[in-house]
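Single-structure report; data block below.
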Amino acid sequence: MNPAPCPSCVMFQEQVMEKDKKIVELQAQAVQLRYELNEVRDKWFSRRKKKQDPEVEPEPKKRGAKPGHPGWYRPEPAKIDHTEEVTLDICPDCKKANLSSCGDIEEHVQEDITLPEVKVTCFRRHSYWCRNCKKVVSRKGDEEVPNSIIGPKAKAVAAFLKYEIKVSERDIQKLFKELCNLKIAASSIPGFHNQLRKKGQSLYELLKEQIKKAPYLHADETGAPLDGKKAWDWVFATTHICLHVLRQSRGQKVVEEILGKRYEGILLSDFLSAYHALDAKAKQRCLIHLLRDLKKALECSEADDPVHVYCQRLKDLIQSAIDLQEQWEAKTILPETFESNRKTLEESLADFQFPDPQKGILRRMSKRLGRHRQELFTFLKYPELHLPYHNNHAERLIRPSVILRKITFGHRSPKGQENHSVIMSLHQTAHLNGKPTLPLFHKLMTASKPPSLDWCLSAVQAGPSP
């Protein structure tokens, strides 16, 4: 018969097991706290450089172009507008007039700018009696903006400076005064934007209709305060169209307002809950966001921790999917092999499970994986569309709005919101189509009737620069 266990040994064994359990819980809490601390650091101090190890001397980066990179030289101007003959009457050294020509001429071509001058135009509109209409008729001048003292070129430049160069109204006022000797009030510049927005409103509505027909589009949002209160700038973008929509909501009703209850294309977005309820053909969630969370989890956990092991497995699985698409784009893989590997990756993702998914750091990632498992590898299901696995396109298009927000601190009125929505949409759409923005704004200000989408994008390239 086995001897009876010692009561003291049993008591000590239970205490050891209880403390081991407590240690495991504390380790999980430490990992969670390190993860949250890294998130706070990334949010507030992400642009600060990480401190280098003082014992490891960083290798200095070599300046200049890479070896073998061809040099760049400014080409000769195609046309010379002015020729100046530089002659001498006296010697610059001895100040004597005893000179004789050598017959040699050294040419130096130089490019410079001509500062614009204010041009005041008086439009004398002649009136005529129309025998058919039985009334007096006249027309506006080619560059005339009715009931406006400031002309269309100045207003187009003001919009260009704000939405392309991202300059505040007061700085626009200074530029006009110092460069052009045109004195305007800073408070009148928003009125210029109001006029441009009204001229481009019909074109903006056309962009709204066109974006619903795209086979896939990107969506993102960022803060855009309205008079100090919370509001958001939504961006819906394809490869050729960018649509800004400013609303005081960050919910799904904005998505439904733009795309409707049913979108027949593929939506690429981050993991914001506003996109969950949209009924779409398919969805692709940004894998960069997920990889960023996995990287933080790996940095906060030890190599032998199950959290670390499973996060590394998921990261490797996502990276394999990305590598497979790169092979397809580079045409280094057969269609049959691509399809086979795609199915294998989808099966591996379907079988992937986190251990103890409610455990600290894994809670958010396991929730995302459970809800969006079918929306992570969508880009492999439609190789003919060349879908990206990330949402960088929308994030790049929303970046100018972020910079403008830092300069202007948001909008002061709903009209300012509308101006930003319309003008920024037209500007970035023209940019995506390789068209300059300034001629577009000028043509909108001088258009006698609402332009069509094709007219506007085709007329920009051929239009004269203001």
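The values are calculated or read from the model by the stated rules, or taken from the named source; none is laboratory data. As the structure is a computational prediction, the values presented were derived from the model and not from experiment. Virtual Cβ from ideal backbone geometry, glycine too; neighbours counted across all protein chains shown.
Which members of region 168-183 meet the condition of being closer than 21 Å to T114 by Cβ and out of contact with any Asp or Glu (no Cβ under 8 Å at 6 or more places or on another chain)?
I172, K174, L175, F176, K177, E178, L179, L182, K183
(1) without any contact (Cβ under 8 Å) to a residue 24 or more places away in the chain; (2) farther than 28 Å from A282 by Cα: which one isn't true of V157, the others all being true?
Looking at each condition in turn, V157 falls short on (1).
Quick test of your reading of the structure: R285 fulfils all but one of (1) under 20 Å from the mean Cα position of the chain (by Cα); (2) basic (K, R); (3) more than 30 Å from S348 (Cβ to Cβ). Name the failing condition by number.
Here R285 meets the rest and fails (3).
Scan (1) among the charged types (D, E, K, R); (2) closer than 20 Å to R34 by Cα; (3) at pLDDT 90 or above for the single condition R285 breaks and write down its number.
Single failed check for R285: (2).
Only one of these is under 30 Å from K253 (Cβ atoms) and of a type in the set (S, T, Y): Y275, Y310. Name it.
Only one candidate passes the filter, namely Y275.
Can you pull out the residues in region 224-245 that are farther than 20 Å from T378 by Cβ, surrounded by fewer than 23 Cβ atoms within 10 Å (Cβ to Cβ) and touching a residue at least 24 places away in the same chain (Cβ under 8 Å)?
P225, L226, D227, G228, A231, H240, I241, V245
Just one of K21, K43 is surrounded by 10 or more Cβ atoms within 10 Å (Cβ to Cβ), at pLDDT below 85 and either assigned to a loop (DSSP other than H, G, I, E, B) or among the basic types (K, R) (or both); which is it?
It is K21.
Which helices (runs of 4 or more DSSP H) sit wholly inside region 336-439 and have at least 1 residues that are over 26 Å from R247 (Cβ atoms)?
362-372, 378-381
If you check every pair at least six apart or on different chains, which have Cβ atoms under 6 Å apart with a residue in region 360-380 that is of a type in the set (K, R) first and a residue that is not in a helix (DSSP H, G or I) second?
So the pair list comes out as R368/F271.
May I ask you to say which residue of S202, S187, S168 is farther than 21 Å from L440 by Cβ and either touching a residue at least 24 places away in the same chain (Cβ under 8 Å) or among the hydrophobic types (A, V, I, L, M, F, W, C) (or both)?
S168
One line per residue, one yes/no per condition, for (1) surrounded by fewer than 17 Cβ atoms within 10 Å (Cβ to Cβ); (2) of a type outside the set (A, V, I, L, M); (3) in a loop (DSSP other than H, G, I, E, B):
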{"residue": "I150", "(1), (2), (3)": "no, no, yes"}
{"residue": "A154", "(1), (2), (3)": "no, no, no"}
{"residue": "I172", "(1), (2), (3)": "no, no, no"}
{"residue": "L175", "(1), (2), (3)": "yes, no, no"}
{"residue": "I184", "(1), (2), (3)": "no, no, yes"}
{"residue": "G200", "(1), (2), (3)": "no, yes, no"}
{"residue": "L203", "(1), (2), (3)": "no, no, no"}
{"residue": "T222", "(1), (2), (3)": "yes, yes, no"}
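Looking for something in a loop (DSSP other than H, G, I, E, B), touching a helix residue (DSSP H, G or I) at 6+ places or on another chain (Cβ under 7 Å) and surrounded by 10 or more Cβ atoms within 10 Å (Cβ to Cβ) - is there at least one such residue anywhere in region 91-112?
No: region 91-112 contains no residue that is in a loop (DSSP other than H, G, I, E, B), touching a helix residue (DSSP H, G or I) at 6+ places or on another chain (Cβ under 7 Å) and surrounded by 10 or more Cβ atoms within 10 Å (Cβ to Cβ).
In the list L259, L267, L290, which residue meets the criterion of being at pLDDT 90 or above, within 30 Å of G228 (Cα to Cα) and out of contact with any helix residue (DSSP H, G or I) (no Cβ under 6 Å at 6 or more places or on another chain)?
Exactly one of L259, L267, L290 is at pLDDT 90 or above, within 30 Å of G228 (Cα to Cα) and out of contact with any helix residue (DSSP H, G or I) (no Cβ under 6 Å at 6 or more places or on another chain), namely L259.
Just one of (1) surrounded by 13 or more Cβ atoms within 10 Å (Cβ to Cβ); (2) in a loop (DSSP other than H, G, I, E, B) trips up D304, so point out which.
(1)
Please determine whether any residue of region 390-405 is touching a helix residue (DSSP H, G or I) at 6+ places or on another chain (Cβ under 8 Å) and under 18 Å from L317 (Cα atoms).
Scanning region 390-405, I find at least one residue that is touching a helix residue (DSSP H, G or I) at 6+ places or on another chain (Cβ under 8 Å) and under 18 Å from L317 (Cα atoms), so the answer is yes.
What is the number of the single condition among (1) over 40 Å from the mean Cα position of the chain (by Cα); (2) surrounded by 10 or more Cβ atoms within 10 Å (Cβ to Cβ) that R124 does not meet?
(2)
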